[in-house]
Amino acid sequence: MTHFALTIIGRDRSGIVSQVTEILYKLGCNIADSSCSILGGQFAMILIISNPAIKEKSDFGEAFVPLEESGLSVFVRTLKPEGEKRPQFEGDICLISVYGADKPGIVYQVAKELGDRKVNITDLNTKLIGSETRPVYVMMLEAVLPPELSEEELKVIMNRLKGEMQVDISVRSITPVEL
């Protein structure tokens, strides 16, 4: 079955998720995976969708025109076979949180330290909290450690970075729960 990545972005307003999912439901699409967030004042969502009857992008026809007419930008990308599947990673899962003064380079410096050690970032979110006069930058990462890197070793690395960057960084293990 062909899978598609559907990306939608536009000024945030209530009802976007309902509008998008109604179209997908009426098309008979399955949502295999999704992520939605407000970035600044923009609502962004990406979904991995499929329908046995839809083999290529053109098969969607004019289905997403109502979204575009309501001010949203819509992009559809055909995924290569197996591109819809989440890879299985071996290693511990950690949650890394960073809090500090808003300044350029926070995401890069943390991501570089992780990338240099083959840590896979599986989810990353940032936002500003606090007031206009005292903004605080917050970054939350979910990451999978390679088998050769322990949580304790990562904590040592992040503590060094914490001092260099003058931010607060914490690392904690996320124990998977079986249902």
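The values are calculated or read from the model by the stated rules, or taken from the named source; none is laboratory data. Please read all numbers here as calculations on a predicted model, not as lab measurements. Ideal geometry is used to build each Cβ from the backbone, glycine not excepted, and the neighbour counts take in all protein chains shown. SASA here: full protein model, heavy atoms, side chains in, ligands and nucleic acids out. Shrake-Rupley method; radii C 1.70, N 1.55, O 1.52, S 1.80 Å.
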Exercise. Could you say whether any residue in region 121-133 is in contact (Cβ under 8 Å) with a residue 40 or more places away in the chain and in contact with a helix residue (DSSP H, G or I) (Cβ under 7 Å, 6 or more places away or on another chain)?
Worked result: no
For this session: Could you check ALA111 against (1) within 30 Å of PRO146 (Cα to Cα); (2) small (Gly, Ala, Ser); (3) surrounded by fewer than 14 Cβ atoms within 10 Å (Cβ to Cβ) and say which number it fails?
Result: (3)
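Restricting attention to region 22-68, which residues are among the polar types (S, T, N, Q) and under 21 Å from GLY10 (Cβ atoms)? Explain how you work it out, then say what you get.
Kept after step one, since they are among the polar types (S, T, N, Q), are these residues of region 22-68: 30, 34-35, 37, 42, 50-51, 58.
Scanning region 22-68 gives SER34, SER35, SER37, GLN42.
Quick check on ILE38: is it out of contact with any Ser or Thr (no Cβ under 8 Å at 6 or more places or on another chain), part of a strand (DSSP E or B) and over 30 Å from PRO147 (Cα atoms)?
On the way: out of contact with any Ser or Thr (no Cβ under 8 Å at 6 or more places or on another chain): yes; part of a strand (DSSP E or B): yes; over 30 Å from PRO147 (Cα atoms): yes.
Answer is yes for this residue.
Filter region 114-156 down to residues that are part of a strand (DSSP E or B) and among the hydroxyl-bearing types (Ser, Thr, Tyr) and give me whichever is surrounded by the most Cβ atoms within 10 Å (Cβ to Cβ). Lay out the reasoning, then the answer.
Applying the first criterion (part of a strand (DSSP E or B)) to region 114-156 yields 120-130, 135-144.
Imposing the further condition that a residue be among the hydroxyl-bearing types (Ser, Thr, Tyr) reduces the set to 122, 126, 137.
Details: THR122: 13, THR126: 14, TYR137: 18.
Among them, the one singled out is TYR137.
Please find, within region 41-87, the residue that is modelled with the highest pLDDT out of those that are part of a loop (DSSP other than H, G, I, E, B), open to solvent by less than 70 Å² (accessible area, probe 1.4 Å) and touching an Asp or Glu at 6+ places or on another chain (Cβ under 8 Å).
Taking region 41-87 and keeping what is part of a loop (DSSP other than H, G, I, E, B), we get 41, 51-56, 61-64, 70-72, 79-87.
Checking the rest, the ones that are also open to solvent by less than 70 Å² (accessible area, probe 1.4 Å) come to 41, 51, 54, 61, 63-64, 70-72, 79, 83-84.
After this cut, where a residue has to be touching an Asp or Glu at 6+ places or on another chain (Cβ under 8 Å) as well, the list is 41, 84.
Details: GLY41: 89, GLU84: 59.
Among those that are part of a loop (DSSP other than H, G, I, E, B), open to solvent by less than 70 Å² (accessible area, probe 1.4 Å) and touching an Asp or Glu at 6+ places or on another chain (Cβ under 8 Å), it is GLY41.
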